[in-house]
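Enquirer: Below is the structure I would like to discuss, written out as structure tokens.
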Amino acid sequence: MGKVLTITSGKGGVGKTTTTANIGAALAGLGKKVVCIDADIGLRNLDLVLGLENRIVYDLVDVVEGRCRLRQAMIRDKRLPELYLIPAAQTRDKTAVSPSDMVEICDELRREFDWVLIDSPAGIERGFRNAIAPADEVVVVTNPEVSSVRDADRIIGLIEAEEKGPARLIINRLDPRMVRSGDMLSVEDVVELLAIELLGVIPEDESIVINTNRGMPVVLNPKSKAGQAFHNIARRLLGEKVPFMPIEEESGGLRKLLGRWLRGG
Amino acid sequence: MARSGIFEIKGIGDGLLVTVKSGAEWQAVHTALRNHFSERAAFFKGARVALDLGTMPLSAKELEALRADLERLGIELWAVEAESPKTVKAARALGLATRVPRPEPGKTKPRRAAQPLGEEAILVRGALRSGMRVEFAGHVVVLGNVHAGAEVVAGGNIIVWGRLRGLAHAGAWGNREAVVCALELSPTQLRIADVIAAPPAEQAAPQPEIASLKGNQVVAEPWDSSP
């Protein structure tokens, strides 16, 4: 039986879709059979990041509404034969799918795949509830930045309330230089604020932008540091103990920043 | 007004209010409500429903299941009123309102506010995360951290065995004797009775502190264990 892993964040733009695409590609690269579901109905993106946009015929809403079989909506990746995508519908909205639809679809996929990855939409409404309903495990993505940490905290609370926890944390876009100068929250700060287990840290890396625009997950680029970090996350998901990559940090100005946030709201 | 053995439905200004009889068993209530509404589906379609659950403790999962059932019938569950902190927490986590305005004058006063302040307290275990809110007429004790973005409101005192970084309002219904104490007192904002304070920007190393009203000012002092 496969596992259903939901990738969520609360705040938009922190890198959920990039994270989903890369963990999916990394797990597939490690020989696992993976399907990624884009649950962001109306604002689909995962197909672009995976470079599969032009091959979409059917989508998640077509499956739910019975216009096609689940199989027909799956797009197979050209580079990684064990990686599949079920795209979101672009012309509909979140209410086209219900949490119980998602549970049903994932129960079917679980039988055939090792991993079912769900790319959650931002927000705490219906789209989030759809994405979280079938989850066995949940990963929360945040940036080392106060507003996305605050939203991550809210989302972690909701995940606990839905009895889907404990969620694990991915800190995305960490810039060691800015941490050192005291202008960015460090890994320790974020983990202390959110009080959940850390699954991985993705350093700021311009190769992400380049690869994303080309529709190629950065894990496929062996020289990328971010790609390596995603690869390590995939291995941790499989239960391996992978040490965290060294990221320089700690500084004096940090306390000040943290203090400012705590009191500034 | 419709009656069944375990709940009662009446119209209020803003839709329907379902009051669940105390002592009822949730599974039975859930089933009875689903049946009641689905038998009259055409009539209730588009209705807004508020639930008064009394002291029944429910999880988010249980509330969510009912909400999904009602949603399928075209009925919106928008509010849950409860005395059980667990239920209130669950309702808030699902984004439901937890106060229902009542139409009859004289009955509109919030029930809890009208209660005299006793020595009752509730214990909240685990972290209160951003977006969570605990409100109680007596004292509130939190065994865990109160994160920034969370709110604790008490008629009496607030005691946090952990870091207090969210908003705390002690003596919320006018008790100026109320205090707030925490192992680390770094709230976003602190309120005692009708006084609102934002803590100073600079703070020394965190230590257990107790905040109280001195005149019209909230003053925080280190916890002194000697009498």
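Enquirer: Under 9 Å between Cβ atoms, at least 6 apart or on separate chains: pull out the pairs that start in segment A:102-116 with a residue that is modelled with pLDDT under 95 and end on any residue that is part of a helix (DSSP H, G or I).
Expert: none
Enquirer: Taking the residues in segment B:149-182 that are more than 22 Å from B:W223 (Cα to Cα) and within 14 Å of another protein chain (Cβ to nearest Cβ) as candidates, determine which candidate is surrounded by the fewest Cβ atoms within 10 Å (Cβ to Cβ).
Expert: B:E151
Enquirer: Which of the residues that make up segment B:26-46 are surrounded by fewer than 16 Cβ atoms within 10 Å (Cβ to Cβ) and farther than 21 Å from B:A60 by Cβ?
Expert: Selection gives B:N35, B:H36, B:S38, B:E39, B:R40, B:A41, B:A42, B:F43, B:K45, B:G46.
Enquirer: To continue, here is another question. Just give me the residues in segment B:26-74 being in contact with a helix residue (DSSP H, G or I) (Cβ under 6 Å, 6 or more places away or on another chain), closer than 14 Å to B:E8 by Cα and not in a helix (DSSP H, G or I), in sequence order.
Expert: B:L53
Enquirer: When the residues of segment B:185-204 are filtered to those that are exposed (fewer than 15 other Cβ atoms within 10 Å of the Cβ) and at the interface with another protein chain (Cβ under 10 Å from one of its Cβ atoms), which remaining residue is farthest from the chain's Cα centre (by Cα)?
Expert: Checked segment B:185-204; the qualifying residue farthest from the chain's Cα centre (by Cα) is B:E202.
Enquirer: Within the set of pairs 6+ apart or on separate chains, which have a first residue in segment B:32-57 that is free of Cβ contacts under 8 Å to residues at least 40 places away in the same chain and in the same structural domain as B:G15 (by TED's automatic domain parsing), a second that is basic (K, R) and assigned to a helix (DSSP H, G or I), and C-beta atoms under 8 Å apart?
Expert: B:P57/B:K86
Enquirer: Let me ask you something else. For the subset of segment B:12-25 comprising residues that are at pLDDT 75 or above and either outside the structural domain of B:E83 (by TED's automatic domain parsing) or not in a loop (DSSP other than H, G, I, E, B) (or both), which member is surrounded by the most Cβ atoms within 10 Å (Cβ to Cβ)?
Expert: This residue is B:L17.
Enquirer: Now for a separate question. Just to be sure I understand, how many residues within segment B:66-100 are crowded, with 17+ Cβ neighbours inside 10 Å and within 12 Å of chain A (Cβ to nearest Cβ)?
Expert: The qualifying residues number 11.
Enquirer: Step by step: first the residues of segment A:137-173, then only those that are at the interface with chain B (Cβ under 8 Å from one of its Cβ atoms) and not in a helix (DSSP H, G or I), then the one that is nearest to A:G123 (Cα to Cα). Which residue is that?
Expert: A:E162
Enquirer: Looking at segment A:13-43, which of its residues are out of contact with any Ser or Thr (no Cβ under 9 Å at 6 or more places or on another chain) and either of a type in the set (D, E) or over 19 Å from A:R79 (Cα atoms) (or both)?
Expert: Hit for segment A:13-43 is A:L43, nothing else.
The values are calculated or read from the model by the stated rules, or taken from the named source; none is laboratory data. The structure presented is a predicted model; accordingly, all values stated were derived computationally and were not measured. When we count neighbours, we look across all protein chains shown, and the Cβ atoms used for this are built from the backbone with ideal geometry, even at glycine.
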